[in-house]
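The values are calculated or read from the model by the stated rules, or taken from the named source; none is laboratory data. This structure is a prediction, so every number in the text was calculated from the model and none was measured. Ideal geometry is used to build each Cβ from the backbone, glycine not excepted, and the neighbour counts take in all protein chains shown.
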Amino acid sequence: MKAAARKICGMTSPHSTATTTAPVHLTPELVEDPVGAYAEFRAQDQLPQVVLPGLTTPVRLVTRYADVKAALAEPRLIRDRSKVPGGAGGGDPQAELVEAAFEGFPAEYAKYVAGHLALFDGEDHARRRAPLTRAFTARRIAALRSFVERTAEDLIRGLTEKGEADLLGEFAYPLTTVVICELVGVDEADRGRVCDWIRDFAYGDGSRMADGLVGIVDYVKELIARRRAEPTDDLISALIEGGGDSKGGDSKGSDGDEAFTEDELVSVVFLLISTGITPPALFLAHALLALFDHPDQLAQLRAEPELLGRAVPELLRYVTLVRIGASMYATEDFEFAGTALRKGEPVTVALLAANHDPREYGEAPERLDITREFGRGDGHLAFGHGAHYCLGAALGRLVASVVFDQVLIRRPGAALAVRRDELEFGHWPADGFHLLRLPVRL
């Protein structure tokens, strides 16, 4: 991502100028406002056309909960634009986003970013995802609980001795790094370097983004070679075994999967590490901030720790870290959510809007309520829906419950160390604002 795209900004009041005749140019403030323009969009008969922050190509934006859920399961909306029958004309917001984020990257490394699972469909997506699904087992995740608890406790104890800490940079990032590295199979001695590379790649000021990508990709290649030579009980070894070893000449893995090519295997491991560190770290920071912003809810959680099981899904809904989903493209002309879509037309979903839809959550869905009861399933769309449902959902819930217990319930004095208006935020193309630091007194 170019440094220029990462702006440090204060928050301003959003204003909507939504119409049905011209695209609405969304700002980062509008993207992350759960009410604002989304309320107007949900009330419209047709899907609005919007231009996401930092881009120029209009997309149809889906905002109602039921429509978002339907869009994520609609087979006529695909992620891979090249698979639109007969080709798709017009602008491509996904390509525009990639260009804005990764301009100037070495081609031999940028291809690993393009191998993101979210950009594939159908059999191609299923082939890449199947070995991950079997490797990301409930048993493997459940076995991590005691490790997560020990790691979080050790980290927060050390920070408590200092009296004040940045809970994003000094706690959430190291914790999510250690947890995903333990699952994937990154050696303990290498985890500090991996954290630094991922932060440079995904969350620095942009100046070292290419260096971060080169560092982590080269490391992943080396680690895969080591696990091929000496397999262990980790996820990389399971992927090599279950997804086939194309370097060894096998076309099938032990589970009958088509073998990953070397580039695909590197892409998958890189994806697991990068998405296993930055998004959950940011969610933890934003969820902690949400509770600091709602002292009544924080006091209730501290008084009734048994509410933790409800607080985690409610905070996932309330924060919805991924506000806007990946672009999808209509494979044919058809009507969706009252709108006549043209073949090749880009569509995207506003997950934050869906998770604050009054039709689904009743009055004042913008209110944080840790006693909220959800129905069957997640009760929210923070992890997506359908074939692209987040593989790390169970791990994310586990880590969140441990963190809220360790940081807030067991440390009733934890509080923001600065005034709320002194917090610093940055924003990315097509996205809203994210915390850069979370200073907390412990």
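Could you please give the count of residues in region 197-229 that are out of contact with any Asp or Glu (no Cβ under 9 Å at 6 or more places or on another chain), touching a residue at least 12 places away in the same chain (Cβ under 8 Å) and among the acidic types (Asp, Glu)?
Here the count works out to 1.
Name the single residue that is surrounded by the fewest Cβ atoms within 10 Å (Cβ to Cβ) among those in region 417-442 being under 22 Å from the mean Cα position of the chain (by Cα) and charged (D, E, K, R).
424
Matching residues to (1) without any contact (Cβ under 8 Å) to a residue 60 or more places away in the chain; (2) in contact with a strand residue (DSSP E or B) (Cβ under 8 Å, 6 or more places away or on another chain):
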position	(1), (2)
390	yes, no
401	no, no
415	no, yes
418	yes, yes
422	yes, no
428	no, yes
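Of all residues in region 224-253, count the ones that are farther than 20 Å from residue 106 by Cβ, at pLDDT 55 or above and in a helix (DSSP H, G or I).
13
Would you check if there is a residue in region 156-163 being more than 18 Å from residue 278 (Cβ to Cβ), assigned to a helix (DSSP H, G or I) and of a type in the set (Ser, Thr, Tyr)?
Yes, that holds for at least one residue.
If residue 113 satisfies all but one of (1) within 22 Å of residue 339 (Cα to Cα); (2) of a type in the set (A, V, I, L, M); (3) in contact (Cβ under 8 Å) with a residue 40 or more places away in the chain, what's the number of the condition it fails?
(1)
Being hydrophobic (A, V, I, L, M, F, W, C) and over 16 Å from residue 308 (Cβ atoms) is true for just one of 404, 374, 383. Which residue is that?
Exactly one residue qualifies, and that residue is 383.
Quick one: which of 128, 140 is touching a helix residue (DSSP H, G or I) at 6+ places or on another chain (Cβ under 8 Å), under 19 Å from residue 259 (Cα atoms) and in a helix (DSSP H, G or I)?
One residue alone meets the criteria, 128.
Being within 14 Å of residue 398 (Cβ to Cβ) and touching a helix residue (DSSP H, G or I) at 6+ places or on another chain (Cβ under 7 Å), is that true of even one residue in region 156-174?
Checking region 156-174: not a single residue is within 14 Å of residue 398 (Cβ to Cβ) and touching a helix residue (DSSP H, G or I) at 6+ places or on another chain (Cβ under 7 Å).
Need pairs with beta-carbon distance below 9 Å; first residue under 15 Å from residue 183 (Cα atoms) and within region 271-290, second of a type in the set (D, E, K, R) and surrounded by 24 or more Cβ atoms within 10 Å (Cβ to Cβ); sequence gap 6+ or separate chains.
Taking only residues 6 or more apart or on different chains, not a single pair turns up.
Kindly provide the set of residues from region 114-134 that are closer than 16 Å to residue 275 by Cα and either among the hydrophobic types (A, V, I, L, M, F, W, C) or loosely packed, with under 13 Cβ neighbours inside 10 Å (or both), ordered by number.
Selection gives 114, 117, 118, 119, 132, 133.
Within region 3-121, which strands (runs of 3 or more DSSP E) (wholly inside it) include 1 or more residues that are under 23 Å from the mean Cα position of the chain (by Cα) and modelled with pLDDT of 95 or more?
Ranges flagged: 49-51, 59-62.
Between a first residue in region 341-358 that is at pLDDT below 95 and a second residue that is crowded, with 24+ Cβ neighbours inside 10 Å and among the aromatic types (Phe, Trp, Tyr), which pairs have beta carbons less than 9 Å apart while being 6 or more apart in sequence or on different chains?
Partner pairs satisfying both residue conditions: none exist.
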